[in-house]
1. Need the C-alpha centroid separation for the range 221-271 versus the range 54-93, integer Å.
2. Could you go through the range 296-301 in sequence order and give the Karplus-derived ³J(HN,Hα) for each residue, using 6.51 cos²θ - 1.76 cosθ + 1.60 with θ = phi - 60°, rounded to whole Hz, and x for Gly and Pro?
3. Once the Cα gyration tensor of the chain is found, what semi-axes does its equivalent ellipsoid get, as square roots of 5 times the eigenvalues, in whole Å, sorted largest first?
4. Using a simple spin-label model with points 7 Å from Cα along the Cα→Cβ vector, what separation in nm is obtained for A336 and D19?
5. Sorted from largest down, what three extents in whole angstroms do the Cα atoms of the range 1-86 have along their principal axes?
6. Using a 10 angstrom cutoff on alpha carbons, build the Gaussian network for the chain and name the most mobile of F35, F187, F332.
7. With viscosity set to 0.890 mPa s at 25 °C, what whole-number translational diffusion coefficient in µm²/s follows for the range 315-392 from Stokes-Einstein and a Kirkwood radius over Cα pairs?
8. Considering just Cα atoms, how many Å³ per residue does the convex hull of the range 132-173 enclose?
Amino acid sequence: MEEAERIKNLPPYLFAEVDKAIARAKQEGKDVISFGIGDPDLPTPSYIVDRLVEEARNPENHRYPSYEGLPAFRRAVAEWYKRRFGVELDPDTEVVSLIGSKEGIAHISLCYVNPGDINLVPDPGYPVYSIGTLLAGGTSYMMPLDEKAGFLPDLDAIPVEVRRRAKLMFINYPNNPTAAVATKEFFARVVEFAREYDIVVCHDAAYSEVTFDGYKAPSFLEVPGAKEVGIEFHSLSKTYNMTGWRLGWACGSARVIEALGRVKTNIDSGVFQAIQYAGVTALTGPDEHTARACETYQKRRDMVISGFNSLGWDIKPTKGTFYIWAPVPPGFTSIAFSNYVLEKAAVFLTPGIGYGQHGEGYFRISLTTPDHRIQEALERLKKAGIRFDRAR
Ligand SMILES: *Cc1c(COP(=O)(O)O)cnc(C)c1O
């Protein structure tokens, strides 16, 4: 059974590998504290669960859902957008529901990429941008995210031939894995660039609501002209602790949303309506649960940063996402450091190389670990003598 080239070239999904490494350590009897996958440890707010339970009992929701998403869900998205960003969306033409935003991110390349085409992809970045590109037969041109440039891509550094052949540009702020944020000025520059080279911008805003110290992340669609050149991906996963539910949406350019909807109607049959109704309850409900989750992450951020800084690191406070992105000590590759820490302290840090070549030299910590486990992990690192020393 000869596999197709497109899947032969597929790297194993990073976190599937991570799970295996942790499982091996556990089998050896180690009590591993994982700072690996970013999956909220806090439960979905109960009023959202209640709505699911109620709607699950309604036989009308047991049938195939409507393809583009329930009108009630798309309206709730448009209202939330207006309230949150002051951006008007037409729920009929500018919003499509997704089976989690990962699904839409993986499928958008099928809408625009012919074999040989190029997508502009951030490196380090969420792996699905380049995987979706690969599955569509395209090639990713990696845009390095450099710490000195605030982890924003340098658009001027992209060769003109690449710009001309590029179909999509993926960007993601607040950013996974670097925790960087972007300004509206940066988004405006992206709009200008996309207009000039006829590129569809795909902004992944999965962490728009996970922010700290009063910072509010802007939407890409707040920038004039953005809705003509691109779409924004959103997810209920991180905002409402709903990673297991699989609900998100894309919104923006009606042309792009229509194209994505057309691919999707031919591949999937939408999201269970009871889940979409629960999504309506989430989006129209109070913001206090999200605010409290952010307080929890902010407290953990402070714990982790002060813990690591006491071991020689110099990590600055982050404004968003539940990640800390920090350099590995001199003398280690990211994988060697991750293995070393797992071995010496039974603590798992995700090696930066998993997010791309330019992730080398870094590791990522996810703050979706209970407070007492974070404390324990920091004590273990200290006891194991793990430090960041410039001269080694
Ligand atoms: C978690 C995450 C997503 C995917 O979220 P789902 O809606 O659960 O599919 C998308 N992008 C980034 C950067 C993420 O970290």
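Just so you know, all these numbers are worked out from the coordinates, no wet-lab data involved. Model, not experiment: these values are computed from the prediction. Quick reminder, even Gly has a Cβ in these numbers, built from the backbone with ideal geometry, and neighbours come from all protein chains shown.
1. 12
2. 4, 5, 5, 5, 5, 4
3. Details: eigenvalues 218, 134, 87 Å².
Semi-axis lengths for the chain are 33, 26, 21 Å.
4. 3.0
5. Here the Cα extents, ordered largest to smallest, are 48, 40, 36 Å.
6. Residue with maximal mean-square fluctuation among F35, F187, F332: F332.
7. It comes out at roughly 188 µm²/s.
8. So the per-residue hull volume is 78 Å³.
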